[in-house]
């Protein structure tokens with residue numbers, strides 16, 4: 001992780017999360033980008049690289065839009081805010097937690113979390 005931060009002398013707030021986005025999320029989104037797929041298939045390497053840069057920009061914009069939407073829903077939607085707060089508080093106060101971060105291990109919503117307000 002230190003090597004990653006030192007590479008460009010950037011002190012990320014959450015280097016692990018950024019590294020996951022760079023190594024997993026962005027490549028996944030780019031691999032599904034139709035313009036990039038077409039450039040790889042029908043263009044030369046230089047044009048494919050140019051389209052890859054554009055696809056990366058689209059992927060980062062997509063990720064950012066998701067996070068902005070999350071903030072907007074939390075701020076403006078009381079039902080969503082109550083649901084999210086309930087999930088986070090429950091996960092962070094469960095008795096079997098041994099240390100901070102343990103509540104974050106499962107990205108899967110439990111049936112109870114899915115059934116909120118139903």
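Each value in this text was obtained by applying a stated rule to the coordinates, not by laboratory testing. Remember, it's a predicted structure, so these values are computed and weren't measured experimentally. As a convention, Cβ positions derive from the backbone with ideal geometry for all residues, glycine included, and neighbour counts pool all protein chains shown.
Starting from the Cα-Cα distance between residue 115 and residue 47, subtract it from 0.36 nm times their residue separation and give me the gain in nm to one decimal.
19.7 nm
Could you work out how far apart the two model spin labels at residue 74 and residue 91 are, taking each label as a point 7 Å from the Cα in the direction of the beta carbon, and quote it in nm?
Result: 1.2 nm between the two label points.
Hull surface divided by four, with the convex hull built on the Cα atoms of the range 1-76: how many nm²?
Details: hull surface 25.6 nm².
If you wrap the Cα atoms of the range 1-76 in a convex hull and average its projections, you get 6.4 nm².
Could you rank the peptides 79-90, 11-22 by their average count of other C-beta atoms within 10 Å per residue, with the highest value first?
The densest-packed peptide leads the list: 79-90, 11-22.
I'd like the FRET efficiency for residue 11 and residue 60, computed as 1/(1 + (r/R0)^6) with the beta carbon distance as r and R0 of 22 Å, rounded to 0.05. Could you put the intermediate results ahead of the total?
On the way: r = 19 Å, r/R0 = 0.88.
Efficiency, from the Cβ-Cβ distance: 0.70.
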